[in-house]
Amino acid sequence: MTTGTYPDYLRRLGLADPGAPSAEGLFALQRAHLERIAYDNVDIHVGRPPGIDPALSVRRLGAGFGGYCFHLNGAFAALLEHLGYDVTRHLGGVEDDAASRVVNGQHLTLTVRVDGAAYWVDAGLGDGPYEPLPLREGPYEQGGFHCALERLDPLEGEGPGWSYLSPGSSTPRVNFRDAPATTADFEEMHTWLTTSPDSPFVRTLALLRRDADGIDVMRGRVLSRVSAGKTAEKREVAGQQEFFEVMERVFRRSLADLTAADRDALWARVDEAHRRWRASRA
């Protein structure tokens, strides 16, 4: 890893000196990560999905770009370890079925032990918790958003784990196993998620950014602001210029890696998908 990678990453988080490991420091790091580095699959839609090597992800996030859970949590785990935190990576999965116990490997999540306690830490869901959750069963509330953690009984041939429940969100259930995972455990799924026409990442461009008050979401040309207890505010992005302005201003993603040709092609792809979506609802 090149010298200066972690300082660049920390500067993007606005935390040049986060101090020694502590629960307070961990909470500040996750809040900053969610506010300043959006979940996005832009690279998939321009045909250049980056690999999930954590060193690469750290460099890319430090340079102003984003990614999805394998990149975001992969880089965040490496940063936390660099700062002295005790981090474990876990094989997880996001489920639409609130009763599902499946762990399909489509999600990388983390647990962190600090100050004598364990926390569930996730900067890679887009609309997940704003702060780490204590790794114990029970309901939680953050900024008016309600969620819960519960123990996940083992399926045949698999060990026990945990489930994060967030009814009404785009991630209503996240399951993960207690057993530690490595980057290699996610490589095959990363290939499928970034190349298969059946992958939701390939079908729909998405950017999500969480802050203390709510969640900004752009799916295709539809920009939304989701706040607890309120109807989501939605509107269509007017055109190509506004589309990229929103990407920079709202989601804080650098456009330095996108040539003029990339931007034209990406907008054409997103606009065409949006027209098909509107026609299907007519």
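The values are calculated or read from the model by the stated rules, or taken from the named source; none is laboratory data. Keep in mind it's a predicted model, so treat the numbers as computed, not measured. In this analysis, Cβ positions are derived from the backbone assuming ideal geometry, glycine residues included, and neighbour counts consider all displayed protein chains.
Looking at segment 45-77 only, could you name the residues that are crowded, with 21+ Cβ neighbours inside 10 Å, among the aliphatic types (A, V, I, L, M) and part of a helix (DSSP H, G or I)?
Val58, Leu61, Leu72, Ala75, Ala77
Quick check: is even one residue across segment 11-20 within 23 Å of Thr182 (Cβ to Cβ) and at pLDDT 95 or above?
Residues of segment 11-20 that are within 23 Å of Thr182 (Cβ to Cβ), as a first pass: none.
Scanning segment 11-20, I find no residue that is within 23 Å of Thr182 (Cβ to Cβ) and at pLDDT 95 or above, so the answer is no.
Among the residues of segment 223-255, which ones are closer than 23 Å to Leu72 by Cα and of a type in the set (A, V, I, L, M)?
Leu223, Val226, Val246, Met247, Val250, Leu255
For the condition hydroxyl-bearing (Ser, Thr, Tyr) and in contact with a Phe, Trp or Tyr (Cβ under 7 Å, 6 or more places away or on another chain), what is the one hit in Thr109, Thr88?
Values: Thr88 fails: in contact with a Phe, Trp or Tyr (Cβ under 7 Å, 6 or more places away or on another chain).
Criteria check complete, one pass: Thr109.
Residues that are of a type outside the set (Ser, Thr, Tyr) and without any contact (Cβ under 8 Å) to a residue 12 or more places away in the chain: which strands (runs of 3 or more DSSP E) entirely in segment 112-217 hold 2 or more of them? Full working, then the answer.
Details: elements: 117-121, 138-142, 145-152, 161-165, 173-180, 206-210.
Correct list: 138-142.
State the number of residues belonging to segment 78-111 that are among the aliphatic types (A, V, I, L, M), in a loop (DSSP other than H, G, I, E, B) and buried (at least 16 other Cβ atoms within 10 Å of the Cβ). Working first, answer last.
Our first condition is that a residue be among the aliphatic types (A, V, I, L, M); within segment 78-111, this holds for 78-80, 83, 87, 91, 94, 98-99, 102-103, 108, 110.
So of that shortlist, the ones also in a loop (DSSP other than H, G, I, E, B) come out as 83, 98-99, 102-103.
Okay, now just the ones that are also buried (at least 16 other Cβ atoms within 10 Å of the Cβ), so 83, 103.
Summing the residues that are among the aliphatic types (A, V, I, L, M), in a loop (DSSP other than H, G, I, E, B) and buried (at least 16 other Cβ atoms within 10 Å of the Cβ) in segment 78-111 gives 2.
State whether the residues of segment 173-186 include one that is acidic (Asp, Glu) and over 18 Å from Ala118 (Cα atoms).
Residues of segment 173-186 acidic (Asp, Glu): 178, 185.
Adding the requirement that they be over 18 Å from Ala118 (Cα atoms) leaves 185.
Yes, segment 173-186 contains a residue that is acidic (Asp, Glu) and over 18 Å from Ala118 (Cα atoms).
With Ser196, Ser166 as the choices, which residue is hydroxyl-bearing (Ser, Thr, Tyr) and within 29 Å of Val226 (Cα to Cα)? Explain how you work it out, then say what you get.
Numbers: Ser196 fails: within 29 Å of Val226 (Cα to Cα).
Within the list Ser196, Ser166, the selection yields Ser166.
Within the bounds of segment 226-248, is there any residue that is in contact (Cβ under 8 Å) with a residue 40 or more places away in the chain, assigned to a helix (DSSP H, G or I) and farther than 30 Å from Val102 by Cβ? I'd like the intermediate steps shown before the answer.
Narrowing segment 226-248 to residues in contact (Cβ under 8 Å) with a residue 40 or more places away in the chain: 226-229, 247.
Going one step further and asking which of them are assigned to a helix (DSSP H, G or I), we end up with 247.
Okay, now just the ones that are also farther than 30 Å from Val102 by Cβ, so 247.
So far as segment 226-248 goes, yes, one or more of its residues are in contact (Cβ under 8 Å) with a residue 40 or more places away in the chain, assigned to a helix (DSSP H, G or I) and farther than 30 Å from Val102 by Cβ.
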